[in-house]
Amino acid sequence: MKLFRSTAAGALALAVLLAAGCAGNPARNEQLDSVLAQFDTDTDYAATERCLPTFRYDTVEVLDEQHLLFKSRQGDKYWLNKLRQRCAGMRPNDTLYFELRDNRVCSLDMVSVVDRTFLFWQRMGPSCGLGEFHELTEPQAQLIREAMRR
């Protein structure tokens, strides 16, 4: 089991924050799909992984109720994970709780939003299943962030 504070690096943090009222916005989902469709599926977006070892990433950024962006420790690689269903109430800057069986996070593992009240961790939302991890470059991750911001 592992807890992560979902944060963005440096100045990008402000650009990525989404208004809570935009969660689940169909227009924004279409924009994200449009950005992903621009990638060459034979080379750019085809690399998927079922599991991601925990030592390969250090932050998890909530883009919206259905998309998480994992950032590598070196900051040069990213992995986009589209949850199997929308996770109602999941927002940027939420603290996430991953139910891990070993030292890796995998497709079908569960993630929940938690709240730290005083000294206790408390689950606040539904548990949602992770999808596959799609490896991205930093420019691709930035395109996705910009699409989510619009």
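The values are calculated or read from the model by the stated rules, or taken from the named source; none is laboratory data. Just so you know, these numbers come straight off a predicted model, no measurement behind them. Glycine also receives a Cβ, built like all others from the backbone with ideal geometry; neighbour counts cover every protein chain displayed. Please note that ligands, DNA and RNA were not included when accessible areas were found on the heavy atoms of the full protein model with its side chains. Shrake-Rupley method; radii C 1.70, N 1.55, O 1.52, S 1.80 Å.
One line per residue, one yes/no per condition, for (1) at pLDDT below 85; (2) under 15 Å from residue 144 (Cα atoms); (3) under 13 Å from the mean Cα position of the chain (by Cα):
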residue: 27; (1), (2), (3): yes, yes, no
residue: 34; (1), (2), (3): yes, yes, no
residue: 49; (1), (2), (3): no, no, no
residue: 53; (1), (2), (3): no, no, no
residue: 81; (1), (2), (3): no, yes, yes
residue: 90; (1), (2), (3): no, no, yes
residue: 100; (1), (2), (3): no, no, no
residue: 103; (1), (2), (3): no, no, no
residue: 117; (1), (2), (3): yes, no, no
**Item:** Enumeration of residues in the range 74-95 that are out of contact with any helix residue (DSSP H, G or I) (no Cβ under 7 Å at 6 or more places or on another chain), open to solvent by less than 70 Å² (accessible area, probe 1.4 Å) and within 14 Å of residue 52 (Cβ to Cβ)
**Value:** 79, 81
**Fill in**
Residues in the range 47-64 that are crowded, with 21+ Cβ neighbours inside 10 Å and among the acidic types (Asp, Glu) total 2
**Request:** Taking the options 86, 104, 145, 150, name whichever one is in contact with a Pro (Cβ under 8 Å, 6 or more places away or on another chain) and either acidic (Asp, Glu) or touching a residue at least 12 places away in the same chain (Cβ under 8 Å) (or both).
**Result:** 104
**Item:** Hits in the range 96-109 (condition: assigned to a strand (DSSP E or B) and open to solvent by 60 Å² or more (accessible area, probe 1.4 Å))
**Value:** 99, 102, 104
**Prompt:** From the residues in the range 55-79 that are assigned to a strand (DSSP E or B) and among the basic types (Lys, Arg), which one is modelled with the highest pLDDT?
**Reply:** 71
